[in-house]
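Note sheet for the following structure.
Values in this text are rule-based calculations from the coordinates and carry no lab data. Because the structure is a prediction, the values reported are computed rather than measured. Because the Cβ atoms are built from the backbone with ideal geometry, glycine has one as well, and the counts that use them run over all protein chains shown.
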Amino acid sequence: MESVRIENKSIIRKLLVYVVVFAAGFLLHMHLMPDLAALMRMKGGTPSVSVQTPMRQDLSDKKKFIASVEAINSVDITPQVSGYLEEVRFKDGAFVNEGDVLFVIEQSKFIANVASAEANLEKAKSDLKQVSNDYERQEQLYKEKITPKAELEVAENKLNQAKSSIKQAEANLILAQINLGYTEIKAPISGYIGKVLVTKGNYVSPSVPSLARIVQTDPIRIAFSVSDKDRLTFLKDVHSDNKNARFEIVHPGGKTSEIKAENFFADNEINPETATLPVYLDYKNQDNALIPGNYVDILMSIGSEKKSLVVPQTALARDINGAYVMTVDENNVVHQKYVEAGRISGSVQEVIQGLADTDAVIVQGIQKVQDGMTVNPILVQ
């Protein structure tokens with residue numbers, strides 16, 4: 001038993017020696033280990049970071065409105081005369097110009113109607129000539145007191161009837177020509193036409209609801225509403241001489257673009273169901289980015305545009321001294337710069353002071369660099 005105790009004590013002494021030696025070695029290693037930057041330099045590994053120069057962005061206060069897109073002009077194409085469709089002269093969804101022939105209705109009977117009306121006019125003219133000669137003879141005989149006045153009056157009445165027949169024949173000819181013209185259905189406006197609703201060979205008449213529909217997309221109209229409470233302030237801001245209302249549109253895909261309004265006006269009545277005033281904005285839609293039925297956001301800014309210096313929020317860090325960014329100079333050396341941060345807009349942060357437009361700011365990799373470290377900067381947009 002005594003020998004076992006002696007052996008256990010020996011083992012414990014050895015373990016204590018190992019612990020002391022391990023602790024001493026660990027402390028010595030920690031004391032001699034270089035800092036992170038020195039270690040990087042010793043190993044020859046220069047960290048890569050993403051940098052970009054600050055941007056200028058308008059951070060003025062903006063009012064947001066939910067808006068719908070509608071066509072300024074839209075037309076349902078309907079026939080004015082009856083007949084079978086002989087031709088359809090457009091492709092579904094195509095752009096058509098005002099005056100383009102879209103449909104042709106059978107023309108034979110309308111051509112015949114025009115010819116008949118022309119013949120009736122010629123007959124009426126011939127009758128007028130004959131009646132006019134008779135009147136002249138009766139007038140001369142009456143002057144010579146050969147025929148009574150009653151005979152002259154009958155001749156005059158026939159002359160007036162012949163003249164009326166001329167006017168009626170001329171009107172019938174015009175009407176026949178108009179109906180013939182209606183056999184070619186033309187586009188009344190320029191715009192995109194939808195699919196054909198009645199195909200070639202079908203019988204159509206003015207009672208047909210529609211053959212096709214055309215909508216104008218350039219310019220196009222954006223409609224939104226302003227509450228009755230804000231109506232006067234809104235209209236004053238928009239129309240005031242010392243203020244400049246600027247509009248931006250947020251497209252369905254998220255892209256934002258400035259709108260140059262072609263026409264801006266408010267409706268003349270408050271909607272009693274919503275207590276809002278409809279407001280309309282027209283603008284050029286040359287790239288056909290919007291079509292009627294779209295829903296978009298409208299951003300309105302008042303006053304002169306002021307561009308603020310901004311950086312991505314990922315470029316800013318904070319410590320007990322405040323907000324700072326890490327920049328890279330022309331020698332690829334990192335510098336810590338304390339800045340005064342301003343407003344946040346989306347993913348960017350305003351920098352009021354402490355930063356220049358030409359500074360190369362680290363936007364990715366800020367957590368792995370220190371002031372005075374040399375890095376490999378990669379410029380990003």
Practice task
Can you tell me the order of 335-345, 252-262 when each peptide is scored by its average per-residue count of other Cβ atoms within 10 angstrom, highest first?
Solution key: 335-345, 252-262
Exercise for the section: Please order Phe95, Phe247 by the number of other Cβ within 10 Å, starting at the fewest. Expected result: Phe95, Phe247
Exercise for the section: Starting from the Cα of Asn376, step 7 Å along the direction of its Cβ; do the same at Arg343; then give the gap between the two resulting points in nm. Expected result: 4.0 nm
Exercise for the section: State the extension gain, in nm to one decimal, for the chain segment bounded by Glu98 and Glu118, taking 0.36 nm per residue of separation less the distance between their alpha-carbons. Expected result: 4.1 nm
Practice task
In nm, give the distance between the simple-model label positions of Lys143 and Asn321, each being 7 Å from the Cα along the Cα-to-Cβ direction.
Solution key: 12.3 nm
Practice task
Subtract the Cα-Cα distance of Arg56 and Ser164 from 0.36 nm times their separation in residues, and report this length gain in nm to one decimal.
Solution key: 31.0 nm
Exercise for the section: Sort 214-223, 198-207 for me by packing, meaning the mean count of neighbouring Cβ atoms within 10 Å per residue, highest on top. Expected result: 214-223, 198-207
Completion exercise
At R0 = 56 Å the Cβ-Cβ FRET efficiency linking Gln367 and Phe264, nearest 0.05, sits at 0.70
Problem - Qualifying trypsin sites (Lys or Arg not before Pro) for the range 114-162 [loop in DSSP, other Cβ within 10 Å: at most 15] - result: Lys145
Handout entry: Cα-Cα over 23 Å, subset of Lys63/Lys307; Lys63/Lys337; Lys64/Lys255; Lys129/Lys158; Lys91/Lys260; Lys109/Lys163
Key = Lys63/Lys337; Lys91/Lys260; Lys109/Lys163
Problem - Where labels lie 7 Å past Cα in the beta-carbon direction, separation of Lys236 and Glu153 in nm - result: 8.0 nm
Exercise for the section: Provide the FRET efficiency to the nearest 0.05 for the Tyr295-Ser227 pair, computing r from the beta carbons and using R0 = 25 Å. Expected result: 0.85
Handout entry: Qualifying GluC sites (Glu not before Pro) for the range 121-166 [loop in DSSP, other Cβ within 10 Å: at most 16]
Key = Glu144
Completion exercise
Everything considered on the Cα gyration tensor (a ≥ b ≥ c; rounded for a/c under 1.5, else prolate if a/b is larger than b/c, else oblate), the range 165-237 must be described as prolate
